[in-house]
């Protein structure tokens with residue numbers, strides 16, 4: 001198999017703030033990240049990224065003589081995987097003029113990343129080939145149900161689930177898979193509407209009520225009495241409680257207390273304080289607009305239901321109320337009575353009573369402590385990424401000018 005590389009295209013800008021700190025291919029939708037999906041479908045161990053220069057130290061690129069380059073916002077399907085495996089050198093797969101995948105030698109690849117012309121490729125249209133693709137922030141929760149089902153089928157094929165304890169109330173057990181080391185006791189698991197996947201060493205505490213589609217990734221916890229509506233994904237090393245519907249937590253994030261989170265996406269290292277609530281439906285049932293970084297304005301989503309998008313390392317205080325269609329940047333701390341603005345820039349401290357800049361020394365001190373709890377070092381690579389994000393997002397912190 002040729003070397004596999006995922007590339008960020010213009011979609012990356014529309015997926016900010018989540019892609020301030022990661023390539024598009026590192027986003028989680030369904031059970032796995034996009035990169036992990038491709039690794040399993042193509043049966044390869046190493047996949048690298050073409051991404052922003054300031055992310056390269058954390059996500060280095062690996063180039064070989066023979067390379068297949070795949071759009072990082074595309075999720076694999078069996079049909080698309082077959083077409084990619086059949087690519088010959090100098091061939092490309094396109095959909096409506098957008099590059100999906102191409103096969104290049106090392107010299108051609110160097111021309112590509114340097115924005116230089118390469119010899120004309122033979123193009124094949126994949127317009128009739130089924131696959132999922134993330135084009136906007138809200139697609140992450142919008143297609144999450146389909147993505148969970150595809151990942152569930154992939155991860156459980158020809159495998160047998162760990163036994164489901166008789167202390168649980170179970171509906172449609174054949175659609176439930178529990179990995180080794182997981183603990184699920186005295187819970188209600190209803191997999192009628194979609195599968196339920198419980199990862200390795202994860203815990204579902206007593207009294208939790210879960211309706212699929214639902215994915216609880218490795219080492220994560222559903223707390224006592226939680227009410228989970230699918231399709232919802234809780235990434236690794238996370239905690240979830242209260243009421244949650246159709247939301248995605250990328251990983252290492254906590255919503256451990258009462259309060260509602262719906263049609264939302266949280267990055268990594270986020271924490272929602274007790275009784276934080278998110279509105280996901282306007283009182284007049286109007287379609288929701290969401291902040292768009294490229295155009296620096298709110299754009300229509302075409303959705304009636306859209307809650308909170310929160311970048312990495314951001315947090316809310318207790319009793320925080322987020323309005324419908326709110327975007328919070330990276331490393332912000334939001335708190336106080338009333339509804340804060342629908343767009344909070346990165347490195348912001350405050351709420352309705354006023355906003356000020358969250359200084360990097362204080363933000364980094366918090367990040368170091370938070371990551372240390374998971375035995376992960378906040379090293380110089382992480383620091384430089386956040387320093388660059390602070391620089392890039394200064395334009396959004398209008399009070400600084």
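What Kirkwood Rh does the chain have if only Cα atoms enter the pairwise 1/r average? Answer in Å.
Working: mean 1/r = 0.0459 Å⁻¹.
In the chain this quantity evaluates to 21.8 Å.
Could you tell me the distance between the Cα centroids of region 173-213 and region 351-370, to the nearest Å? A separation of 36 Å, based on Cα centres. Compactness of region 275-401, taken as the C-alpha radius of gyration over 2.2 N^0.38 Å, stands at 1.10. Fewest neighbouring Cβ atoms within 10 Å first, the residues 55, 266, 112 line up as 112, 55, 266. Size descriptors for region 257-302: radius of gyration and Dmax over Cα atoms are 13.1, 35 Å. Taking 10 °C and 1.306 mPa s as the conditions, I'd like the Stokes-Einstein D for region 233-324 in µm²/s, using the Kirkwood hydrodynamic radius from alpha carbon pairs. Answer from the Stokes-Einstein relation: 119 µm²/s. Under a Gaussian network description of the chain, with springs only between Cα atoms under 10 Å, the residue in 222, 248, 381 that fluctuates furthest is 381. Peptides 346-359, 280-293, ordered by how many other C-beta atoms sit within 10 Å of their residues on average, highest first, read 346-359, 280-293. Beta bridges from DSSP with both residues in region 3-125: antiparallel share about 45 percent, rounded to the nearest 5. The Rg/Rh ratio for region 181-234 is 0.92, where Rg is the radius of gyration of the alpha carbons and Rh is the Kirkwood radius.
Express as a percent, rounded to the nearest 5, the fraction of DSSP beta bridges in region 139-400 (both residues included) that run antiparallel.
On the way: 9 of 61 bridges.
For region 139-400, the DSSP antiparallel bridge percentage is about 15.
Taking only the C-alpha atoms of region 61-146, Rg followed by Dmax gives 13.9, 40 Å. In terms of surrounding Cβ atoms within a 10 Å radius of their Cβ, 397, 383 rank from fewest to most as 383, 397. Sorting 339, 229 by the number of Cβ atoms found within 10 Å of their own Cβ, with the fewest placed first, yields 339, 229.
Quick check on region 63-220: what does the Kirkwood estimate of hydrodynamic radius come out to from the alpha carbon pairs, in Å? If you can, show how the numbers build up before the last one.
Values: mean 1/r = 0.0545 Å⁻¹.
Here the Kirkwood hydrodynamic radius works out to 18.4 Å.
Where the alpha-carbon atoms of region 297-363 are placed on the principal axes, they occupy 39, 22, 18 Å, in descending order.
Rg then Dmax, both in Å and based on the Cα atoms of region 3-125: 13.6, 38. For the chain, the 222 nm mean residue ellipticity estimated from helices alone, with every DSSP H stretch of n ≥ 4 adding -39500 (n - 2.57) and the total spread over all residues, rounds to -5000 deg cm²/dmol.
Only the coordinates and a few stated rules stand behind these numbers; no lab work does. All of these numbers come straight from a predicted model, not from anything done at the bench. Cβ coordinates were reconstructed from backbone atoms using ideal geometry, including for glycine residues, and neighbour counts include every protein chain displayed.
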